[in-house]
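The values are calculated or read from the model by the stated rules, or taken from the named source; none is laboratory data. The structure presented is a predicted model; accordingly, all values stated were derived computationally and were not measured. Cβ sites come from the backbone with ideal geometry, for glycine too, and all protein chains shown count toward neighbours.
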Amino acid sequence: MERRPYFVFGDVLTSVGSGGLAGLVCAAVIGTGWNMWLGMLVGMALGMALAMVLSFACLLVLFGAMEVMLPSMLSGMLAGMVVGMAAPMGELPAAKGALMGALIGVGVMLFNYAMDAYLSRRASPWTS
Amino acid sequence: MDELTRQRTRAKWDAAAKNFDVMSSRGPEKRWAPYKREFFSAMRGRILFLAVGTGLDIQFFPPNCQIVGIDISPKMLEQARARADAYPGKLELREMDVHALEFPAASFDQVFTSCTFCSVPDPVGGLESLRRVLVPGGELHMFEHTGSRYFPFNLMLNIMTPLARRFGPDMNRPTVANVERAGFRIRDVRHVYLDVVKAIVAEAPASTAG
């Protein structure tokens with residue numbers, strides 16, 4: 001599990017930034033007239049695409065490769081799905097969408113750290 | 001591997017060479033530096049280093065080793081030249097494809113790879129080539145990113161692969177299984193990040209025939 005402050009900061013920025021950006025854009029794009037399931041699907045695709053762009057544009061260069069791409073894409077996808085479902089159900093300001101996305105990013109980061117701590121103890125030849 | 005695939009692979013990595021250091025030298029290499037330093041500290045005897053790239057890994061090589069570094073991309077090797085010249089040991093760079101290694105059988109005691117088998121077009125064939133040039137009982141050391149066994153990481157890697165492979169590597173290769181398929185015996189697998197980035201140590205069989 002990562003403990004160096006620079007990279008921990010990078011991990012927070014990656015997950016919170018990707019989730020926040022996905023939430024912000026999805027809340028702005030998906031409106032109350034949308035079907036909830038369509039909103040979820042569009043939010044998922046949009047969130048992943050935005051996270052990928054953010055990763056390749058700056059985060060990868062600064063903070064790592066797989067360690068950036070996986071949490072970033074996961075944060076973007078989940079934030080897009082949740083905000084994409086929430087936006088059709090009622091008025092959702094972009095700032096609130098961004099906050100929801102950022103919180104999801106925090107959750108993804110914690111999940112990622114927990115999985116990394118778990119898997120770093122398991123090193124078996126059966127895995128991929 | 002056919003000539004068209006070889007040319008395409010060379011062209012892809014020639015194109016990537018220009019920005020390779022910008023993309024990799026700060027984030028990924030600094031993040032992996034402690035793991036790579038430990039990984040390369042196992043270098044002993046006559047060593048083949050596969051896919052030297054722009055030579056970013058040379059900084060982690062222990063001094064006074066006898067290494068041949070190969071790469072399919074002449075543009076990558078051009079950039080690696082200065083780093084190879086600065087290495088305090090014997091480091092020879094050669095343009096070569098892993099599927100058609102120009103070395104006699106049993107030429108090396110160890111083979112090292114670093115983020116290579118995500119990109120080799122025929123990974124099992126490439127690993128079999130490496131097995132041929134290793135002495136019986138020789139060691140294969142790999143620092144690789146692979147697919148994951150766990151959801152949702154495997155889903156993400158599968159989604160990313162079709163796009164990533166256009167510009168660089170596959171994200172979901174079963175590299176440990178490929179090493180076994182190529183006839184090596186796995187000695188150790190250590191996870192560096194999740195079960196996605198890992199260090200693999202394998203051993204060529206006592207007889208390299210076949």
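Taking the criterion of being in a loop (DSSP other than H, G, I, E, B) and under 22 Å from B:PRO121 (Cα atoms), the residues of segment B:40-87 that qualify are B:ALA51, B:VAL52, B:GLY53, B:THR54, B:GLY55, B:ILE72, B:SER73. Here is a check on your reading of the model: is B:GLY147 of a type outside the set (A, V, I, L, M, F, W, C), more than 10 Å from chain A (Cβ to nearest Cβ) and either on the phi > 0 side of the Ramachandran plot or buried (at least 19 other Cβ atoms within 10 Å of the Cβ) (or both)? No, not satisfied.
Cβ-Cβ contacts under 6 Å between residues 6 or more apart (or on different chains), taken from a first residue in segment A:33-59 that is without any contact (Cβ under 8 Å) to a residue 24 or more places away in the chain to a second residue that is surrounded by 23 or more Cβ atoms within 10 Å (Cβ to Cβ), are absent.
Here is a check on your reading of the model: is A:MET48 within 14 Å of chain B (Cβ to nearest Cβ), within 9 Å of the chain's Cα centre (by Cα) and assigned to a helix (DSSP H, G or I)? Yes. Of the set (1) assigned to a loop (DSSP other than H, G, I, E, B); (2) within 11 Å of another protein chain (Cβ to nearest Cβ), all apply to A:TRP34 but (2).
For segment B:176-191, filtering for residues that are under 16 Å from the mean Cα position of the chain (by Cα) and more than 8 Å from chain A (Cβ to nearest Cβ) leaves 4. With respect to (1) among the aliphatic types (A, V, I, L, M); (2) exposed (fewer than 14 other Cβ atoms within 10 Å of the Cβ); (3) under 24 Å from A:LEU59 (Cα atoms), the lone exception for B:MET23 is condition (2).
No other residue among A:PRO93, A:PRO71, A:PRO125 is more than 11 Å from the chain's Cα centre (by Cα) and either surrounded by 23 or more Cβ atoms within 10 Å (Cβ to Cβ) or modelled with pLDDT under 95 (or both) apart from A:PRO125.
For segment A:99-119, which positions are over 16 Å from A:VAL68 (Cβ atoms) and of a type in the set (Phe, Trp, Tyr)? Within segment A:99-119, just A:TYR118 meets the criteria. Here the condition is being closer than 17 Å to A:ALA65 by Cβ, free of Cβ contacts under 8 Å to residues at least 24 places away in the same chain and in a helix (DSSP H, G or I); of B:ARG8, B:ARG37, B:ARG31, it holds for B:ARG31 alone.
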